[in-house]
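Data block below; observations after.
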Amino acid sequence: MNTNANANAVRAGIRRGITEHWISLRTPSETAFMVIGLAIVGVVLWLNRDTEIAPGVAVASFIVPSILTIQLLFITCYGLATVVVTEREDGTLIRSRSLPNGLRAYSTGILTRTMCELIETIVLTIVIAAVILGGSLGVDGAGLAVIAGMLILGTIALTTFGFVIGTVFRNPRSVGGWGFLAVGALALVSGLIQPLSTMPAWVQVIGQGSPLYWIGHAFRSAFLPEGAGAFELGGGWQLAIAFAVVGAWAVAGILLAPVLLRRVARRETGSAIEARRQAALQRV
Amino acid sequence: MTPEPVVDVRGLRMEYSGRTVLDDIDLRIDRGEVVALLGPNGAGKTTTIEILEGFRQRVGGEVSVLGENPERAGDAWRAKVGVVLQSWRDHGRWRVGQLLQQFGAMYEPYATSDRPGPYPAAELLELVGLAAHRDAQVRSLSGGQRRRLDVAIGIVGRPELLFLDEPTSGFDPVARHEFHELIHRLSDFDETTVLLTTHDLAEAEKIAGRILILDGGRIVANGSAAELAGEVAGASEITWREDGVRHVHSAADPVPFVRELLDRPGTDITELQVRAQTLEETYLAMVARSEAVPVGDPQGEVQTA
């Protein structure tokens, strides 16, 4: 009975996620957001298509891993947190609680939706990069395995923190503003905009604790030749450490997220939603 | 042998930051009853219903809903309870039929031999009068239609117990009438137990077998509309014209008074009217009576943000 109910909830969640993804794709403003993002990626790669940092090492090979990492961060953390905060305010979360196994279906749904968006964006980005830069982008079989492995682990680590951020903030507008700034700052200190080795020592310390630095590191190792490891902080590729750090973040997130989500859902009540709705009407 | 009550509350107390909002509430609801919770704004209606739904943690007292403590009850319990909250505006971009199907599917594992699975979406939309809006986006619905969809979602799992918080706000008279029919149907044919809050006294009188008046965090009256009227002295109003002068008198039982009035010799009585007290008058009298005896806290709007 119980396992049956759980499996049913997961199925319902996947169905829910796919429905919401379809709705999102058919909403012009949301599709436009993705199209503009991909267009910017295309332009940046086009402008840097012939530039080389060192003989045989293209600038684009640094840019593509950073783009993939930022996309991962944006979709799994920022995007997911925005959805959670918004749906907490509009009553979706409490509605889920009023249904049997509702929270399980809800979180499965939100993960499914995030996965769909992530896979689409990453695949399209790689296709665009391959078209503009030509060929295999210097990625071999082993590199492909590293990218896939890091995408999965990184997704687990970051989605759970997306849930955490989504449950900590109260107001969708504050996630929109502060969250956006935080994502930018995080991308900077994680060496996704400018190599970490060129930044002050204290930034390097923070950066190396962040899963983003290591996700970017692993992606770079796949796109760049062996020798380019010399540009990295440790002077070489450290894939074992990368997987260990991101894995640790994933475990921490998996332990923390369900607890927080349940806690927040428990505190949410209909009258609190009504009170916030009134407050929102006042602000307009 | 008395059957187990569906809702059994003893000595329920609730406070928000030290202020008492529910004070020693006792409440028993049996299977198949339709009970309306009435009271001024801030009387604690929504708080009571949210505690019974398991969405709020009480401060004290014992609460049993379908035999379980709602704070700790699991998913099998959830499957037997339908909830319509005061306000939701979620899932605006979903289509009506799609949303109902999505939520109905959550109840499928909980079907038993004597309790069939969820309503098919089409049947339920017919029942709440939204069949024509099956493919409409939820956000395109009017306030009343939206509320009917909320009710449909509340009953999609064929609950044993249904909570409705202000279910008919924003309904036009036709929608309201149809909603009342629906509640009758649920309680008569499916033996669904219903607890609703409302501001509409006529509605409470029409659909509820029993009315509870909550005021200042206490239950000040409990009974059918007729019983409540009987509790307030001067339940009927008698008006007449005697020798050209208009008179008014109120009496709990108008019959002896009218008999005596007409038996009086030599008087010319015209325009005699006897009018039973409306629930509205009973309600106002009861709330006024409870406010004359202040209990603990001053009255007023309670915002529970």
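No lab work stands behind these numbers, since they all come straight from the coordinates. Just so you know, these numbers come straight off a predicted model, no measurement behind them. Here the Cβ positions follow ideal geometry from the backbone for every residue, glycine too, while neighbour counts run over all protein chains shown.
Brief remarks follow.
- Segment B:57-72-segment A:112-127 distance, computed between alpha-carbon centres (Å): 45
- Per-q log10 I(q)/I(0), segment B:1-60, q = 0.12, 0.15, 0.25, 0.30 Å⁻¹ (Debye; single scatterer per alpha-carbon; no solvent): -0.31, -0.48, -1.17, -1.45
- Chain A: angle of helix A:180-189 to the longest principal axis, Cα-based, in degrees nearest 10: 30
- Across the options A:Ala201, A:Ala9, A:Ile122, the greatest Cα extent toward the positive end of the charge dipole of chain A (unit charges at beta carbon of Lys, Arg, Asp, Glu) belongs to A:Ala9.
- Segment A:Thr51-A:Ala244, length gained on full extension (0.36 nm per residue, minus Cα span): 66.1 nm
- Share, in percent, of DSSP beta bridges within the protein assembly as shown that are antiparallel, nearest 5: 65
- Mean separation of Cα contacts under 8 Å (6+ apart) over length of segment B:233-276, as relative contact order %: 50
- Helix A:211-223 axis, angle to chain A major axis (alpha carbon atoms, nearest 10°): 40
- Shape class for segment A:108-185, computed from the alpha carbon gyration tensor (a ≥ b ≥ c): prolate, with a/c not under 1.5 and a/b above b/c.
- Calculated diffusion of segment A:91-224, Stokes-Einstein form, Kirkwood radius summed over Cα pairs, 4 °C and 1.567 mPa s, µm²/s: 75
- Length-normalised contact order of segment A:2-283 in % [C-alpha pairs under 8 Å, at least 6 apart]: 26
- Semi-axis lengths, largest first, of the ellipsoid equivalent to segment A:83-147 are 38, 13, 7 Å, with √(5λ) applied to each eigenvalue of the Cα gyration tensor.
- Note: segment B:7-227, Cα convex hull, 120 Å³ per residue.
- Rounded to 10°, Cα long-axis angle of helix A:80-89 versus longest principal axis of chain A: 20
- Where the Cα pairs of segment A:155-256 fall when distances are cut into 10 Å bins, in %: 15, 42, 32, 10, 1
- Taking the C-alpha atoms of segment A:1-132, convex hull volume expressed per residue in Å³: 118
- Computed over chain A, the ratio Rg/Rh where both radii use C-alpha atoms and Rh is Kirkwood: 1.00
- Between the residues B:Gly44, A:Gly42, B:Ala208, the greatest Cα displacement towards the positive end of the dipole of the protein assembly as shown, with unit charges on the Cβ of Lys, Arg, Asp and Glu, is found for A:Gly42.
- Phi to ³J(HN,Hα) by Karplus 6.51 cos²θ - 1.76 cosθ + 1.60 over segment B:162-170, Hz, x for Gly, Pro: 10, 9, 10, 9, 6, x, 10, 5, x
- Segment A:174-218 versus segment B:165-216: alpha-carbon centroid distance in Å: 57
- Couplings for segment A:233-239, taken from phi via the Karplus curve 6.51 cos²θ - 1.76 cosθ + 1.60 with θ = phi - 60°, read 4, x, x, x, 7, 10, 5 Hz in order; Gly and Pro are left as x.
- Working note: Cα gyration tensor of segment A:1-56, eigenvalues times five, square-rooted, sorted largest first, giving semi-axes of 42, 19, 5 Å.
- The Stokes-Einstein estimate for the protein assembly as shown, based on a Kirkwood radius over Cα pairs and taken at 20 °C with 1.002 mPa s viscosity, is a diffusion coefficient of 77 µm²/s.
- Fraction of the pair-distance distribution of segment B:233-276 above 13 Å, Cα-Cα pairs, percent: 50
- Take every Cα pair under 8 Å whose residues are at least 6 apart in sequence, average their separation, divide by the length of chain B, and the relative contact order is 21 percent.
- Take each residue of peptide B:168-181, count the partner chain Cβ atoms within 10 Å of its Cβ, and average: the result is 0.
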